[in-house]
Amino acid sequence: MDDDNYSLAVPFYDLWHEDGHVPMIREVLPPLLKGVRRSVMEIGAGTGLITRVILEETPAEVYAVEPSFGMRSVLVNRLAEDPDALSRVTVLPCGALEAEADEPVEAIVMISVLQSFDAEQRPELWRTLRRQLEPGGLLLFNWRERTNPEPGELEVVGSYRVGRHIYEVAGQVLAVAGESVKARYVYRVKQCGMVMSEDEVVSVGHWPAGERLFAELEAAGFARDAAPDGMQAWRVLK
Ligand SMILES: C[S@@+](CC[C@H](N)C(=O)[O-])C[C@H]1O[C@@H](n2cnc3c(N)ncnc32)[C@H](O)[C@@H]1O
């Protein structure tokens, strides 16, 4: 990955996201994975928080696709703590558009990654994922219809104690253009209120409306399946 913005966020990632989408995914993903037994591709596996859910809920082999060196390093170290995980997870050090499983997979899981693809890249994403799935295969991802945020001031969005230090994440919307939101994140480590380290990341995320997203998936040969609020389940047409 040329522009590995995630590396700066790595020390903060589990602290912040255990406080965000991850607990919700732990509740809604397992029932959707029922019946998946042989193989799963996980797109944007990050530090492996969702990989662990897949391993616990299925006996499947997992292809974990993760382009960021920093995120992938935590993922592999997490796998190293568990011999069963090490034997079942193959880590692909590339982006979703370059990922190739050795055989078509039963299911693809993509949690909090969709925003990395802009409207021009998404048709290629759906085509690539469809090619990786076996006929009738299942694509699971999280998505919600949302109203566009307004540009605003930098605000602390998470603060976590790590020993004598505080790990703080602050965020700010800089600009909004259609479905694309440019945001700035500041990652600080503080001791007694003094900033010991500070890193800043500016990134653009893409948040498609349902009408557009569903039309893209149908055009790519997927049919919608039932899923709980916050999740999407689509199957490749046989
Ligand atoms: C918000 S994190 C989500 C990580 C994990 N799925 C989770 O929910 O904890 C987004 C992840 O997507 C990865 N990512 C970004 N662009 C990607 C791409 N083109 N293909 C695959 N993964 C990508 C990032 O490196 C990052 O690890």
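The values are calculated or read from the model by the stated rules, or taken from the named source; none is laboratory data. Owing to the predicted nature of the structure, the values given are computational and were not obtained by experimental measurement. So basically every Cβ, Gly included, is an ideal-geometry build from the backbone, and we count neighbours across all protein chains shown. For the accessible areas, the whole protein counts, side chains as well, though only heavy atoms, and no ligand, DNA or RNA atoms are used. Shrake-Rupley method; radii C 1.70, N 1.55, O 1.52, S 1.80 Å.
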Next on the checklist: Step by step: first the residues of region 217-238, then only those that are surrounded by fewer than 14 Cβ atoms within 10 Å (Cβ to Cβ) and outside any strand (DSSP E or B), then the one that is modelled with the lowest pLDDT. Which residue is that?
Outcome noted: Lys238
Checklist entry - So, of the residues in region 94-149 that are away from the ligand (no atom under 16 Å from the Cβ) and within 23 Å of Asn5 (Cβ to Cβ), which turns out to be surrounded by the fewest Cβ atoms within 10 Å (Cβ to Cβ)? => result Pro149
Checklist entry - Would you say Val40 is outside any loop (DSSP other than H, G, I, E, B), crowded, with 17+ Cβ neighbours inside 10 Å, within 15 Å of the ligand (Cβ to nearest atom) and free of Cβ contacts under 8 Å to residues at least 60 places away in the same chain? => result no
Checklist entry - Is it the case that region 28-37 has a residue that's assigned to a helix (DSSP H, G or I), touching a Lys or Arg at 6+ places or on another chain (Cβ under 9 Å) and open to solvent by 70 Å² or more (accessible area, probe 1.4 Å)? => result no
Checklist entry - Just for region 68-91: of the residues that are within 18 Å of the chain's Cα centre (by Cα) and open to solvent by 30 Å² or more (accessible area, probe 1.4 Å), which one is farthest from the ligand (Cβ to nearest atom)? => result Thr90
Checklist outcome for this item: Out of (1) in a strand (DSSP E or B); (2) more than 22 Å from Leu75 (Cα to Cα); (3) touching a residue at least 12 places away in the same chain (Cβ under 8 Å), the one Ser159 does not meet is (3)
Checklist entry - When you go through (1) within 12 Å of the ligand (Cβ to nearest atom); (2) open to solvent by less than 40 Å² (accessible area, probe 1.4 Å) one by one for Leu55, which number turns out not to apply? => result (1)
Checklist outcome for this item: Checked Val186, Val181 against criteria (closer than 29 Å to Gln232 by Cα, surrounded by 12 or more Cβ atoms within 10 Å (Cβ to Cβ) and of a type in the set (A, V, I, L, M)); the one match is Val181
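Return the total of residues in region 179-191 being in contact with a His (Cβ under 9 Å, 6 or more places away or on another chain) and not aliphatic (A, V, I, L, M).
The number of residues fulfilling the criteria is 4.
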Checklist outcome for this item: Filter region 194-211 for residues that are assigned to a loop (DSSP other than H, G, I, E, B) and open to solvent by less than 60 Å² (accessible area, probe 1.4 Å); the one that is nearest to Val162 (Cα to Cα) is Pro208
Checklist outcome for this item: For Val22, the lone unmet condition from (1) open to solvent by 80 Å² or more (accessible area, probe 1.4 Å); (2) near the ligand (Cβ under 9 Å from one of its atoms) is (1)
Item to check | Conditions (1) outside any helix (DSSP H, G or I); (2) surrounded by 14 or more Cβ atoms within 10 Å (Cβ to Cβ); (3) under 22 Å from the mean Cα position of the chain (by Cα): number failed by Phe214 | outcome: (1)
